[in-house]
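Worksheet: one structure, shown below.
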């Protein structure tokens, strides 16, 4: 057996952790996802319950520590945290995320009870349920490095997200891993003349055949959907959008001495777009380093840009609200008409922990947030849906694009395309910007709407309803993207209307598995009836 005493269990655990790192940008070896979990599955099946839990935790620690290394760049450069402490913070984050993987291993081992078929059905359900919980619970949800995002570049595979959301892709990947593991384990035990314990070779082939049929149907649906959407987009009406990538250094953008430089950069990019006659010009998150509408002189400067270009502007700016002498800042987006009038404002709803607010501030009073210039942000309450030239657009700001249920809400309310403004300067030249863009691609597929994305330092670009990323800019270059998008005319997807029903179904199945295990255990302990 692969996981007998010695160092092999730790090797296998580490191997899965490393393989999971390799499937995400910038390495982008997404094909490895289809068998990356097999070493971990050998551990779950062959090791005692306590060791299984620890090996699961270790796998997660390797995966999340290496996969989220970019966090240290943000903490060191913008949080003014010493290098050693920044790696300790990353380790704590990785440890927290690893608890979900440890729990996954524990429950699969405990509830499958050595039954290989139970193992195969349990693994995708439990993985999806726990990934969903990790991603969506409260204001601290964190969906980064969800397994389904590894297939962002595999267009036929991700099309099913319009029904299941990204979590359905995670389910499929885990199911294929479990089926391949079943076959491999049966083959190894047969070869070594080991008692199969349910892992007989013939059923293994049947299971693999079934799983491959499921995969073929999924990919077949994806290819059919791609053909349908390519035909639909070829005849749809276009809307032209200009996306400005100002490339403003993070350490200078809030410096008052640098303010004119910031504003002139965006003015020049906007004027440069005039010849293309765009229907909308988009600036990134917090593009202007002042409170729009509060700073009268600079606000007039922005309004004049809309007038000079005769084009509506969508800009990122902080907003200040004063109620009962209490001042609250918001990370906001403004839609400004071509005559300078404000058409609407969207306040960011899902804030970044330690970036835009300090969680548990009563306890962590000594921790400062990393966003410069403004205190803790308030939370918006309404998703933004605005009218533009006969179309409806929805807005998300930065981090919000990684939350499927939040992004679908404006589409459910009628948005025909989405605008995401962001400032990924925090990430430096790391994999994070590429990971961020891939997550946005899944939002386009889930809702079947195009997404335009303006980022301060990149990646700026367009995502079609099929998840195809177009005109992506390079990092840390000043650039202007002129793009034609096809706003949706086809109605809402299943996911846009009903959200995470698939994932919630996995949660329900998880609860049923727990009840089943409880009653089976209770029955096994019941004394026999008197004869």
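The values are calculated or read from the model by the stated rules, or taken from the named source; none is laboratory data. These numbers were taken from a predicted model, which means no experiment stands behind them. Neighbour counts run over all protein chains shown; Cβ positions are idealised from the backbone, glycine included.
Residue 202 - would you say it is over 20 Å from residue 122 (Cα atoms), part of a helix (DSSP H, G or I), assigned by TED's automatic domain parsing to the domain that holds residue 167 and at pLDDT below 80?
Taking the combined requirement at face value, the residue satisfies it.
Out of region 308-329, which residues are buried (at least 19 other Cβ atoms within 10 Å of the Cβ) and either in a helix (DSSP H, G or I) or not assigned by TED's automatic domain parsing to the domain that holds residue 423 (or both)?
If the condition is that a residue be buried (at least 19 other Cβ atoms within 10 Å of the Cβ) and either in a helix (DSSP H, G or I) or not assigned by TED's automatic domain parsing to the domain that holds residue 423 (or both), then 309 is the only one that fits.
Against the condition closer than 16 Å to residue 340 by Cα, modelled with pLDDT of 95 or more and either outside the structural domain of residue 331 (by TED's automatic domain parsing) or part of a helix (DSSP H, G or I) (or both), how does residue 305 come out, does it pass?
yes
Every residue in region 240-275 that is within 29 Å of the chain's Cα centre (by Cα), outside any loop (DSSP other than H, G, I, E, B) and surrounded by fewer than 21 Cβ atoms within 10 Å (Cβ to Cβ), please.
Result: 240, single match.
Yes/no per residue for (1) out of contact with any helix residue (DSSP H, G or I) (no Cβ under 7 Å at 6 or more places or on another chain); (2) at positive phi:
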| position | (1), (2) |
| --- | --- |
| 430 | no, no |
| 436 | no, no |
| 439 | no, no |
| 442 | no, no |
| 449 | no, no |
| 462 | yes, no |
| 467 | no, yes |
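Out of all the residues in region 62-86, which are at pLDDT below 85 and in a loop (DSSP other than H, G, I, E, B)?
80, 81
How about region 9-37: which of its residues are crowded, with 20+ Cβ neighbours inside 10 Å and either farther than 26 Å from residue 70 by Cβ or outside the structural domain of residue 173 (by TED's automatic domain parsing) (or both)?
Passing the criteria: 9, 12.
Go through (1) out of contact with any strand residue (DSSP E or B) (no Cβ under 8 Å at 6 or more places or on another chain); (2) assigned to a loop (DSSP other than H, G, I, E, B) for residue 278 and report which single condition fails.
(1)
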